[in-house]
1. May I ask you to say which residue of 33, 51 is at pLDDT below 95, within 26 Å of residue 133 (Cα to Cα) and surrounded by 15 or more Cβ atoms within 10 Å (Cβ to Cβ)?
2. So residue 87 clears everything in (1) more than 25 Å from residue 148 (Cβ to Cβ); (2) at pLDDT 95 or above except one condition, right? Which one?
3. For residue 2, only one of the following conditions fails: (1) buried (at least 16 other Cβ atoms within 10 Å of the Cβ); (2) outside any helix (DSSP H, G or I); (3) without any contact (Cβ under 8 Å) to a residue 60 or more places away in the chain. What is its number?
4. Among the candidates 25, 62, 16, 45, single out the residue that is closer than 30 Å to residue 132 by Cβ, aliphatic (A, V, I, L, M), in a helix (DSSP H, G or I) and out of contact with any Pro (no Cβ under 7 Å at 6 or more places or on another chain).
5. Out of all the residues in segment 30-86, which are within 16 Å of residue 120 (Cβ to Cβ) and without any contact (Cβ under 8 Å) to a residue 60 or more places away in the chain?
6. Name the residue, out of 17, 64, that is surrounded by 16 or more Cβ atoms within 10 Å (Cβ to Cβ) and out of contact with any Asp or Glu (no Cβ under 8 Å at 6 or more places or on another chain).
7. Mind listing whichever residues of segment 98-126 are surrounded by fewer than 21 Cβ atoms within 10 Å (Cβ to Cβ) and either in contact with a Ser or Thr (Cβ under 6 Å, 6 or more places away or on another chain) or more than 29 Å from residue 35 (Cβ to Cβ) (or both)?
8. From 143, 124, which residue is farther than 24 Å from residue 18 by Cβ, modelled with pLDDT of 90 or more and part of a helix (DSSP H, G or I)?
Amino acid sequence: MLHPVIASTGFLTNAADHAFQVRSAVLLLFFGSAIPMCIAIAGFAAFREYSQGMAMWLVTLAIDAFSLQAFDNSALMAMLTLSQRYAEAGTAKLESFQALALVVGSARKWAHYSALLAVGCWMFSLFAFLYRYRMVPHVLAGFGAIASLIRSEPLPCAAFLAIHPKHVWPSH
């Protein structure tokens, strides 16, 4: 949903024209990031029977992932607001808006990478827990753990290690 907003010309010029898409994406991201919390809280009683500490860890990671996604969402809304102000001002203060776009875009990028890392850690922890305590077949839990690492970790880890993301995960 956000691909047209971050197209080649950038969010500063595109987001205002796609305001409904941005707002819809933010709403969907809130709902999506609530799912790990629901799973962790709903499964807390069952998880606690096997390991109190791990059950708490799953809830804590889920809340952390939700909080980081909320921050990412607020950065998306700040980017939308900046784009709307840019569209209203025209090219009169182009340099000021470009400087602000760089700051707001960087804040969103790091919030996004942090949220990806947190939800990836939650997913891996959940599948590791399921594997360790044989709550599901080992093949299913092992596949989930490996898939969570492949899906979630390369991009944020590369970013935090200052490796250019295009060398880790090619874009389409």
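1. Numbers: 51 fails: surrounded by 15 or more Cβ atoms within 10 Å (Cβ to Cβ).
The conditions single out 33.
2. The one condition residue 87 does not meet is (2).
3. Here residue 2 clears every test but (3).
4. Working: 25 fails: closer than 30 Å to residue 132 by Cβ; 62 fails: out of contact with any Pro (no Cβ under 7 Å at 6 or more places or on another chain); 16 fails: closer than 30 Å to residue 132 by Cβ.
Among 25, 62, 16, 45, only 45 is closer than 30 Å to residue 132 by Cβ, aliphatic (A, V, I, L, M), in a helix (DSSP H, G or I) and out of contact with any Pro (no Cβ under 7 Å at 6 or more places or on another chain).
5. We begin by selecting, within segment 30-86, every residue within 16 Å of residue 120 (Cβ to Cβ); these are 32-33, 35-37, 39-40, 57-58, 60-69, 72.
Selection gives 32, 35, 37, 60, 63, 64, 65, 66, 67, 68, 69, 72.
6. Working: 17 fails: surrounded by 16 or more Cβ atoms within 10 Å (Cβ to Cβ).
Testing whether each residue is surrounded by 16 or more Cβ atoms within 10 Å (Cβ to Cβ) and out of contact with any Asp or Glu (no Cβ under 8 Å at 6 or more places or on another chain) leaves just 64.
7. Matches in segment 98-126: 98, 99, 100, 101, 102, 103, 124.
8. Values: 143 fails: modelled with pLDDT of 90 or more.
Checking each option against the conditions leaves just 124.
The values are calculated or read from the model by the stated rules, or taken from the named source; none is laboratory data. Since this is a predicted model, take the numbers as computed values, not measurements. Counting neighbours? That spans all protein chains shown, and the Cβs are built from the backbone with ideal geometry, glycine included.
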